[in-house]
Amino acid sequence: MWVLDQPYIPRADRLSAGTPLMLLTVLAAGAAAAVVAIELGALPARALRIVGVTAGHGALLASALAWAGVSAPSQALTVALLGLASTAAGLAPFGAVAYLLPALCVIRLAARGQLTSLSLGTPVSPRGVFAGILVGAGLSSHLLISASRTLGMQVRVDHVPEVLAAIAYDVGANVLAAECFFRGALFNRAQRRWSFATAATVATAAYVLRYVVDPLLPKSAGLVVGAVFYLALLGAANCWLLWWSESLVPGLVSALLFFAAYRTLGSE
Amino acid sequence: MSLIALALVAVTALVALEDGGPASLLRHAYLVPVLAGALRFGAVGGGLAAMAAVLLSAPFVLPEIERSGLTAEAVEGLVTFAVLGLVGVLSGVLRTRAGRQGRRYEVLVTIQRTLADEATLDVSLARLRAALADRLRVDEIAIVARDADRLVVAGGDRVVEGSLVARVLDGGGPVFVEDTGGSGRSRRAFATPLVSGGDILGALAVERKGEISVGERATLEAIGAHVGIALENARLVSQQRRFAVELAERVAMARRELEELDRAKSAFVAIASHELRTPLTALQGFSEILALRRLPPEEVTRLAEVMRREARRLGRIVSDLLDLSRIERGLEPALCRVPLKLEPAIEATVDIFRQGSATHFITTECEPSLPVVDADPDALERVLTNLISNAIKYSPTGSAVHVGARALDGTVAIEVADAGRGIPADALGRVFEPYYRVPDAAGAARGTGIGLAVVKALVEAHGGTVHVESAPALGTRVTVLLPSCAAAIPGRSRSVP
């Protein structure tokens, strides 16, 4: 029993210990340089999305991997694959298939047992996956119903390639980076310092903030309130799923289902 | 849980079918699954059920606000949201607290029952650990208690230096550790001292993969205090029982000793009466003969000698009785000590026996130039008389009795040895007790059982010691050690009679 036969040493490391500051600085500098280049006309305007996706999601994913103890070259490779996928998706809709590359890279790291501290590559029970599906489906259905009743938005099936490209983006960038960082890394570390409620609040607040400041999110008040509401629920639910199942997979499933439902919505 | 979910869906379906809008009366039916969730699963269950109810009813309320703003119906719907949330959370909190109090009460009863048993500390702690593990719903539990200079550990083998429990035992107070290591859900640990009257008697420690809430920690601290008090009570009760058993044994022993003493005294009275009567009878008979008859001078001399011997015997018995009386009152025998040469004193006493009894061959052997002793001549004579008399009484007719004296370092040793029946080993330690007679000696010779007690008291009053050595069928030797005069009265010069 740990309390009897292991030495007790009070925790001394900080919450942000192990953050890859060099890589984050490079990403920030690259993004700033790209913005300047776009402003000067050296790069096309659509490059802004490519840079934003690479820098934003890359920073989250690289931080999560660094906190998990993954080597710097592997972090850089994952960010590079993310940048490549973002570029490919920016060039043509089917190029979004390239978002599978960073996802495969993460899966490879997980299979090697390098992401256990993110609760990836650890055993996952069917009950956990089922609970993830239940949470994702529940929130998705509520989103679809309330969006159609209150915001006048409907499920649209006339832009299938765009929806599939958006789902690929969620798989390889949006959901993957957010779940790895806000749940796998941040919540995992926070729950080792504080109570579940505090850790979940911190992780969820950071998660919601990340979307509120996202320039790609529409800025109408109704949509922002709706986004905060659903993302807060999704974030809290995914924290609980990780806590309960001890795996990040159920949270990934629920978030993918929710964002897939969100991608199908469109105005009449 | 399924029933609660079904109830929520059913109420939503009914509200949708009625199409009553935000103010539909059926919305109050959400209270049923919310209360059920709160009563079944506590605050979390009630809160989640209320949130689910709000989420399910939101599509009926929010469109009304979108369309017409905050109408009376919309406000009713919003108030319903608040009521559901409050009812769910508050009912759940109350249920959680009531459950916690109930469990706490059960735990306290368990502690009292477990530690009330008459079992060793190791067994009691093991039982208590099993009972608490069942009720506290933790993954691991350990109870450590101090027992004199050792630690009794239930739930492990030992307490490692520097561990959480060791820190608590060292007076660190309760300690909560948010994470003990490993991946996945964090494993929490909490250790609290078992205290009683400000003393740390041990520690209670638990581990759980999951939350150990503030409320649970407070409960564990209270349990630690209760276990500490219960342990202390159990220890006191055990001590009291031991005292009671010990006291009963002592009372029984004292009672046996008193009964034995009473029997010995009764026997003594009978024997002493007989011992006194014998010389009295002789004195009475011979004095009547002398008074009533005219006898030849030789016969008169012989009768007078017999009367003198019996009178001395009577006087010795009376002196012994008086000394015994003083001993029993805690007083030393009265002495009149003078510097005394031992050899003449020994020879004089032995001569009396030689003249009075021809049944034994009495030899004396005194070292030349024996140091003088500071002693009461009468007391010394009584000591020697008792010892020689015993030697004669308990040795066969015709055997030798040896009386000797030799100088040792600062003392003089007087020895009286016989070749008699000896004293059994188990009786050797008691021969100097008043009224005690060796069990099989009563039939062998007459005696009061006070002679050796008086000898011991007289010798000790002189600052000396007496001890007896005996081997069955070989004989007995009694040795009296008296301090020599130089040692007893340093620098004192006195005349020697």
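Read-outs throughout are calculated quantities, based only on the coordinates presented, and are distinct from any laboratory measurement. None of the values given here were measured: they were computed from a predicted structure. Neighbour counts are summed over all protein chains in view; Cβ atoms, including those assigned to glycine, are modelled from backbone coordinates with ideal geometry.
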For a footprinting-style exposure proxy, rank B:403, A:157, B:350 by other Cβ within 10 Å, fewest first.
A:157, B:350, B:403
Taking square-rooted eigenvalues a ≥ b ≥ c of the alpha carbon gyration tensor, is chain A rounded, prolate or oblate, where a/c under 1.5 means rounded and, failing that, a/b exceeding b/c means prolate?
oblate
Any idea what the dipole of the protein assembly as shown comes to, in debye rounded to 20, about its Cα centre with Lys/Arg Cβ at +1 and Asp/Glu Cβ at -1?
1000
Using +1 on the beta carbon of Lys and Arg, -1 on that of Asp and Glu, and nothing else charged, what's the dipole of chain B about the Cα centre, debye to 20?
740
Could you give the radius of gyration (one decimal) and Dmax (whole number) of the Cα atoms in the range B:2-105, in Å?
14.8, 55
How high is the relative contact order of the range B:2-105, in percent, with contacts defined as C-alpha pairs under 8 Å that are six or more residues apart?
34
Take chain B, mark every one of the GluC sites (Glu not before Pro) that falls in a DSSP loop and has at most 12 other Cβ within 10 Å, then report the longest stretch left between them, sites excluded.
B:162-497
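Arrange B:336, B:366 by Cβ neighbour counts within 10 Å, fewest through most, would you?
Ascending Cβ contact count within 10 Å gives the list B:336, B:366.
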Tell me the trypsin sites (Lys or Arg not before Pro) within the range A:77-154 that lie in a loop according to DSSP and have at most 16 other beta-carbon atoms within 10 Å.
A:112
Starting from the Cα of residue A:158, step 7 Å along the direction of its Cβ; do the same at residue B:72; then give the gap between the two resulting points in nm.
4.3
Which shape class, rounded, prolate or oblate, goes with chain B when its Cα gyration tensor gives a ≥ b ≥ c as root eigenvalues, a/c under 1.5 marks rounded, and past that a/b bigger than b/c marks prolate?
prolate
Between residue B:82 and residue A:244, what's the calculated FRET efficiency when r is the beta-carbon distance and R0 is 35 Å? Round to 0.05.
0.75
Work out from phi, with θ = phi - 60° and the Karplus expression 6.51 cos²θ - 1.76 cosθ + 1.60, the ³J(HN,Hα) of each residue of the range A:206-219, listed in order in whole Hz, and give x for Gly and Pro.
5, 5, 5, 4, 4, 7, 5, 8, 5, x, 7, 6, x, 9
Classify the range B:225-341 from the C-alpha gyration tensor, please: rounded if a/c falls under 1.5, else prolate or oblate depending on whether a/b exceeds b/c.
prolate
If the chain between residue B:170 and residue B:101 were fully extended at 0.36 nm per residue, the gain over the current Cα-Cα distance would be 21.8 nm
Could you tell me which residue out of B:13, B:38, B:148 lies farthest along the dipole of the range B:1-150 toward its positive end? Charges go on the beta carbon: Lys and Arg +1, Asp and Glu -1, centred on the Cα centre.
B:148
Positive end of the charge dipole of chain B (Lys, Arg +1 and Asp, Glu -1 on Cβ, about the Cα centre): tell me which of B:169, B:330, B:281 has its Cα farthest that way.
B:281
Please list, in chain and number order, the residues 5+ apart from residue A:43 or on another chain whose amide H is under 5 Å from its amide H, with Hs placed from the backbone.
A:38
Just how far, in whole angstrom, is the range A:39-62 from the range B:250-267 if you go by their alpha carbon centroids?
108
Based on alpha-carbon centroids, what's the gap between the range B:75-107 and the range A:191-207 in Å, whole number please?
23
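So which chymotrypsin sites (Phe, Trp or Tyr not before Pro) in the range A:183-268 end up in coil per DSSP with only 14 or fewer other C-beta atoms within 10 Å?
Here no chymotrypsin sites (Phe, Trp or Tyr not before Pro) fit, given the DSSP loop and packing criteria.
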Expected vector for the range B:4-9, Karplus 3J(HN,Hα) from phi with 6.51, -1.76, 1.60 and θ = phi - 60°, integer Hz, x for Gly and Pro, equals 5, 4, 5, 4, 4, 5
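Can you tell me the relative contact order of chain B? Whole percent, Cα pairs under 8 Å, sequence separation 6 or more.
On the way: 711 pairs, mean separation 42.4, N = 497.
Relative contact order of chain B: 9 percent.
With 10 angstrom as the radius, rank B:253, A:153 by how many other C-beta atoms surround their C-beta, starting from the fewest.
Lowest to highest Cβ neighbour count: B:253, A:153.
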Distance between modelled label sites at residue B:32 and residue A:40, nm, 7 Å Cα→Cβ extension
7.1
What is the extension gain from residue B:247 to residue B:150, computed as 0.36 nm multiplied by their sequence separation minus the C-alpha to C-alpha distance, in nm to one decimal?
32.1 nm
Which loop-located trypsin sites (Lys or Arg not before Pro) does the range B:385-447 contain, where loop means any DSSP state but H, G, I, E or B and the Cβ has at most 12 other Cβ atoms within 10 Å?
B:430, B:446
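Could you state the orientation-averaged shadow area of the convex hull built on the Cα atoms of the protein assembly as shown, in nm² to one decimal?
60.7
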Extension gain from residue B:238 to residue B:408, taking 0.36 nm per residue of separation minus the Cα-Cα distance
55.8 nm
Separation of alpha-carbon centers, the range B:188-228 and the range B:1-70, rounded to whole Å:
41
Along the charge dipole of chain A, Cβ charges K/R +1 and D/E -1, which of A:37, A:176, A:20 sits furthest on the positive end?
A:20
Sites residue B:109 and residue B:469 - FRET efficiency at Förster radius 60 Å, r taken between beta-carbons, to 0.05:
0.35
If amide H atoms are built 1.01 Å from N in the plane of the peptide, which residues on other chains or at least 5 residues away come under 5 Å of the amide H of residue B:399?
B:361
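About its Cα centre, what dipole magnitude does the range B:338-496 give when the only charges are +1 on Lys and Arg Cβ and -1 on Asp and Glu Cβ, stated in debye to the nearest 20?
260
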What distance in nm separates the two pseudo spin-label positions at residue B:130 and residue B:351, each 7 Å out from Cα along the beta-carbon direction?
8.7
State, as an integer percentage, the relative contact order of the range B:338-496 based on alpha-carbon contacts under 8 Å between residues 6 or more apart.
27
